[in-house]
1. Springs between alpha-carbon atoms under 10 Å, Gaussian network over the chain: tell me which of Leu278, Leu145, Leu236 tops the mean-square fluctuations.
2. For the chain, count the residues as N, evaluate 2.2 N^0.38 Å, and divide the Cα radius of gyration by that value, please.
3. Select from Ser55, Ser283, Ser176 the residue whose mean-square fluctuation is largest in a Gaussian network model of the chain (Cα-Cα springs shorter than 10 Å).
4. How do the peptides 212-224, 72-84 rank, highest first, by the average count of neighbouring beta carbon atoms within 10 Å per residue?
5. Against the longest alpha carbon principal axis of the chain, how many degrees, from 0 to 90 and to the nearest 10, is the axis of helix 101-116 turned?
6. Out of the range 261-305, which trypsin sites (Lys or Arg not before Pro) are coil in DSSP terms and have no more than 16 other C-beta atoms within 10 Å?
7. Taking a ≥ b ≥ c as the square roots of the Cα gyration tensor eigenvalues, with a/c under 1.5 meaning rounded and otherwise prolate when a/b beats b/c, else oblate, which class fits the range 117-192?
8. Using +1 on the beta carbon of Lys and Arg, -1 on that of Asp and Glu, and nothing else charged, what's the dipole of the range 101-278 about the Cα centre, debye to 20?
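None of the figures in this text is laboratory data; all of them are computed from the coordinates on show. Small disclaimer: the values here were computed from a predicted structure and weren't measured. Here Cβ is always computed from backbone atoms with ideal geometry, including for glycine, and neighbour counts include all displayed protein chains.
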Amino acid sequence: MDPNRRPTIVVLCGAERPPRMTSIEQIAAVRYTTGPRLAEAMPGADVLFAWDLRSTALRQAWPSADALRWIHAAAAGVSHLMVPGLAESEVVLTNARGIFDEPVAEYVLTVMLAFAKDLPTTLRLQQRRIWQHRETERLAGSRALIVGAGPIGRAIARKLRAAGVAVSGVGQQARSNDPDFGEVVPMAELRRALPEHDHVVVALPLTPATAGLIDANALRAMRPTARLITIGRRGLVVTADLLDALDHGLIAGAALEVFADEPLPPSSPLWDQPNVLLSPHMSGDVKGWRDELVRLFETNLARYVSGEPLLNVVETRRTPR
């Protein structure tokens, strides 16, 4: 862009605005808006900073984005921003890749240890003041299949390997001797790989190809002693099929971080499952994460103003400029 012109940034936020925006406001004209008013704010704006990671307002506001050149998502997932027309446009899409990798990997290791050491039962018995000796499992020596070979999946693989877990991955293409996964099998062979593992970690974005990927057939292919862990986008797991698999002992348990409906309704039968760990979509949200998100956007904004290539460009079915 013209270095002598201040960019105009629209910040799509809900009730909460991003913190520490003062330095950005000094170099850009910033318009804060919510989803219902996004279309009003977009005319003339160069940049959309999508702070509200759940808003789908861009779909309706897209025709008003007459000067838009860059969208930055304050999240790793971008499915809520993949509106019709984006792929064919000159608009560059970037995300917050890298910020959530290690915290999410820590969450996965934590829930796997909780299952292996039967921590949920220990807490329930403690609340009832019951002393009940039990034998638990070793995590080291178990096998984990990570479905999704992106940066978060790789961080998970490294964390699990350090704990003695044998790791393999599922990605777009098969390969051997991967530095993080060892062996990677193609997505087409997921069902064949499922029975060979004690833990199945789903770390995929939501796309038409991955929606409903973990269904009744996939769950039947897993070991009865296996646990499912989901940290990818909502819509990857068919909830009714998962509940049926848990009720019939087809798998040993599940740790769920994302849900088709959020917040999870109090009426959901998932709350009553004794072998399910529920987390309210917070595995990557460690102290200071909001500041990190803004710093990444600020770094990219400086590159945008100076004409440098942006960081964390997301492919939108073409090579973004």
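1. So, out of Leu278, Leu145, Leu236, the one fluctuating most is Leu278.
2. Output field value: 1.09.
3. Most flexible of the set in this elastic network: Ser176.
4. The peptides rank, most packed first, as 72-84, 212-224.
5. It is inclined by approximately 20 degrees.
6. Counting only loop positions with at most 16 other Cβ atoms within 10 Å, the trypsin sites (Lys or Arg not before Pro) in the range 261-305 are Lys287.
7. prolate
8. Result for the range 101-278 is approximately 420 debye, rounded to the nearest 20.
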